[in-house]
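Peer 1: One structure is given below, represented as structure tokens, and several questions about it will come after.
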Amino acid sequence: MSFNRCPVSHSREDIFIDTDIVKMIVLVSLSLVSLILTAIEQVSSNPISPLIYCIPILLVALWYPQKSLLLTTFLTVGFVLIQLYQASLGNLINPVMTGLHTIFLFWFCGATTLFTRDSRLALSRYRQLIENSRDAKFLCDPDSLRLLCVSRRCADILGYTPLELIGVPVELFWADETCKARFTSEMEREGYIGNMEMPLRAQNGDTRLVFLSCRKLEPDNIYECTIVDPSMLQGEREDLVRSNERLMELIQQSNDIFFMQDVDGRILHFSWLHAPEHGISPADLIGKGVDALLPDDLSAQHMSWVRSVISERKNACYDLDIELGGVHHTFSVTLAPYTGTDGALIGVVGSARDTTEIRRQRIACRQMAWEVDQWKGLVSNVSHELRTPLQPLIGYLGILADDPEYYGLKGETEKYLRTCLECARQEQAVVERMVKLSLVMTDHIELAIQDIHLRSLINSIISRGGYESEAEIENEIPENAHIWGDPDLLYQALESLISNAVKYNEPPKKVWIRYAGSNNNHYIMVCDNGIGIPADIIGSIFGPLFIGGTQETSHNCVHSGLGLAIAIKYVRLHGGEISVTSEVGEGSTFTIRIPKEA
């Protein structure tokens, strides 16, 4: 075990804390107040008034003992100068009292400074620094060598908590008595920091070989020591190596290009997952200029950006257009200055992302938005052209059908007339569906997600629709059933299912609304004992242009429009789906599934 000696720096910046500026303001303020009071009040009339100087002297001795003599000298000189000024003005000054006050101030300074040298008082100035330190540090009393303050990391190395170590002798952790003797002899030498290799015993009995760096804080008579555990440094190094390996693995698997260049533009690192596909060998690029990778014009463009980043020490981004394999690609290149641990500039580090597909998608989105607008205009124009002849046709046919005898229509003629009226109404339903379809399918809908009490939502649909007067409806949703979603959209979807369950039914009409939940999904079932749905059309009932074949169905389509098509769209906006099971003459069950994460 040997010490390496090095001088202690005279800078004490490492012991300053955030409250020092407040302390300095307090000291300056009290010093100025003391001098001002001396200037406005004669000492001979109040010989006790100079004792106010003791307040800043006491505080500076407690906070900064090494500066107490300096402040005392400043205050004493100020006091004497003010007394001389008072004498020049003709005021009566007692030189004996002035001398006694001067001697008292210096005596008080010496007494308080010696008093504050006690390690227990000095400890308060260092406690916050040690306890918040990221290093393994401790303070100990030079006489008893008992620990006064311990950092968290130091306690971890020894296998204790910081509070358990307070007051414990340091020699408890040394392997033998020679460690104590060498430590004490070295710390008695002033003005140096000693570094020694020493075995320490932890709480579990294990002995660790550590580096111990200690110094004596002369003004405060305290030993400050730092423990460096090489095994922990090795562990940190291994963690750093593993992190670096994971980072390199991620970089090599990334679709982005990552590279480094020195200040002269030579490539220090290059990685790209798709490099082999384009005949690029990253290993062959190391040490070469970027002209080995890019054409001359693009190489010059890139190097101009590199020089700009190096000179300005600022990040930069630009787009690089290049032909690869006969296909045009656009790369978004980001550059940043790269410095070493000493702060010296090494070069630039950069990444390049192929944004070709992103640009294509943006163009496709703009094209799609334009096509949607064109489609809306087309549907509007077509619907207008179809409505124009249908309105008078249905109107005139309706007049004839309401009073066929008045117009001399009998028998087969009246039957053909009513058939024409039904067909015209079906065509009108198709036109209305086209208009609503264009609005529902092309408009963007923002979901207003909130917590929904499901049973209350179902009760609201039943009461507002007046369905209880038409059928026996059982709301079997439990009270604690809640779902996250857009209440307006789910209201419309559920209303469509409940409305159909009531309308496509025969007395005695019965409808049940039920709920079930799993780990991942909510399930809402609307069941009825109605007419059922034939198996050959059950797959097309959610189509936007589906119209049933009966007169009742045709009339209903004109009235309710896109019922199920709108319902399934709104449910899909929540990430869900609608399924249906049905038996003709037995009834149907529509099930809404909505993920719980939606």
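The values are calculated or read from the model by the stated rules, or taken from the named source; none is laboratory data. Only a predicted model underlies this, so the values are computations on that prediction, with no experimental measurement involved. Neighbour counts run over all protein chains shown; Cβ positions are idealised from the backbone, glycine included. Heavy atoms of the whole protein, side chains included, go into the accessibility calculation; ligands, DNA and RNA do not. Shrake-Rupley method; radii C 1.70, N 1.55, O 1.52, S 1.80 Å.
Peer 1: With a 1.4 Å probe and all protein chains kept in place, how much accessible area does Met97 have, in Å² rounded to the nearest 10?
Peer 2: Its heavy atoms expose roughly 60 Å² to the probe.
Peer 1: Could you go through the stretch 585-591 in sequence order and give the Karplus-derived ³J(HN,Hα) for each residue, using 6.51 cos²θ - 1.76 cosθ + 1.60 with θ = phi - 60°, rounded to whole Hz, and x for Gly and Pro?
Peer 2: x, 10, x, 9, 10, 9, 10
Peer 1: Moving on. At a 1.4 Å probe radius, which order do Leu240, Leu139 fall into by accessible area, largest first?
Peer 2: Greatest to least solvent exposure: Leu240, Leu139.
Peer 1: Mind ranking Trp107, Trp484, Trp305 by accessible surface for me, highest first, 1.4 Å probe?
Peer 2: Trp107, Trp484, Trp305
Peer 1: In addition: Kindly report, to the nearest 10 Å², the accessible surface of Tyr160 as traced by a 1.4 Å probe over protein heavy atoms only.
Peer 2: For Tyr160, the solvent-accessible surface is approximately 50 Å².
Peer 1: Would you work out which of His278, Gln253, Gln367 lies farthest towards the positive end of the dipole of the stretch 248-376, given +1 charges on the beta-carbon of Lys and Arg and -1 on that of Asp and Glu, about the Cα centre?
Peer 2: The residue sitting farthest along the positive end of the dipole is Gln367.
Peer 1: Sticking with this structure for a sec: Specify, per residue and in Å³, the volume enclosed by the convex hull of the alpha carbon atoms belonging to the stretch 282-444.
Peer 2: For the stretch 282-444, the hull spanned by Cα atoms encloses 207 Å³ per residue.
Peer 1: A follow-up question, please. Would you mind calculating the gained length between Ala336 and Asp403 on full extension (0.36 nm times residue separation, minus the Cα-Cα distance), in nm to one decimal?
Peer 2: Computed gain between Ala336 and Asp403 is 15.5 nm.
Peer 1: Ignoring ligands, DNA and RNA, what percent of the 1.4 Å accessible area of the stretch 133-234 is carbon and sulfur?
Peer 2: C and S atoms contribute 50 percent here.
Peer 1: Charges at C-beta only: +1 for Lys and Arg, -1 for Asp and Glu. How large is the resulting dipole of the stretch 133-234 about its Cα centre, in Debye rounded to 20?
Peer 2: 280
Peer 1: Another question, if that's okay. So what does log10 I(q)/I(0) come out to for the stretch 133-234 at q = 0.16, 0.19, 0.25 Å⁻¹, using the Debye formula with one equal point on every Cα and no solvent?
Peer 2: Scattering profile of the stretch 133-234, log10 relative to I(0): -0.63, -0.92, -1.70.
Peer 1: Mind checking which lysines have their C-alpha under 30 Å from Lys137, skipping anything on the same chain fewer than 8 residues away?
Peer 2: Straight-line reach from Lys137, under 30 Å: Lys23, Lys67, Lys180, Lys216.
Peer 1: Given an 8 Å cut-off on Cα distances and at least 6 residues of separation, report the relative contact order of the stretch 294-431 as a percent.
Peer 2: After rounding, I find 14 percent.
Peer 1: Provide the per-residue ³J(HN,Hα) series for the stretch 221-226, in order, calculated from phi with Karplus coefficients 6.51, -1.76, 1.60 and θ = phi - 60°, each as a whole number of Hz, with x at glycine and proline positions.
Peer 2: 6, 9, 8, 10, 10, 10
Peer 1: Report the FRET efficiency, 1/(1 + (r/R0)^6), for Leu247 and Ser463, where r is their Cβ-Cβ distance and R0 is 51 Å, rounded to 0.05.
Peer 2: Calculated value: 0.25.
Peer 1: For Trp512, Trp272, Trp370, what's the largest-to-smallest order of accessible area, 1.4 Å probe?
Peer 2: Trp370, Trp512, Trp272
Peer 1: Let me cross-check Asp319: its accessible surface, 1.4 Å probe, with only protein heavy atoms counted, in Å² to the nearest 10?
Peer 2: Counting only protein heavy atoms, Asp319 exposes about 90 Å² to solvent.
Peer 1: Would you mind telling me the share, in percent, of accessible area of the stretch 283-337 contributed by carbon and sulfur at probe 1.4 angstrom?
Peer 2: The computed percentage sits at 52.
Peer 1: With a ≥ b ≥ c the root eigenvalues of the C-alpha gyration tensor of the stretch 232-295, is it rounded (a/c under 1.5), prolate (a/b larger than b/c) or oblate?
Peer 2: Oblate.
Peer 1: If you don't mind, another one. Express the relative contact order of the stretch 133-234 as a whole percentage, based on alpha carbon pairs under 8 Å and six or more residues apart in sequence.
Peer 2: With pairs under 8 Å counted, the relative contact order is 27 percent.
Peer 1: Please give the per residue accessible area of the stretch 282-444, computed with a probe of 1.4 Å over protein heavy atoms only, in Å².
Peer 2: Solvent-accessible surface per residue comes out at 65 Å².
Peer 1: Starting from the 7 Å offset along Cα-to-Cβ, what nm value, one decimal, do you get for the label separation of Leu89 and His453?
Peer 2: 8.2
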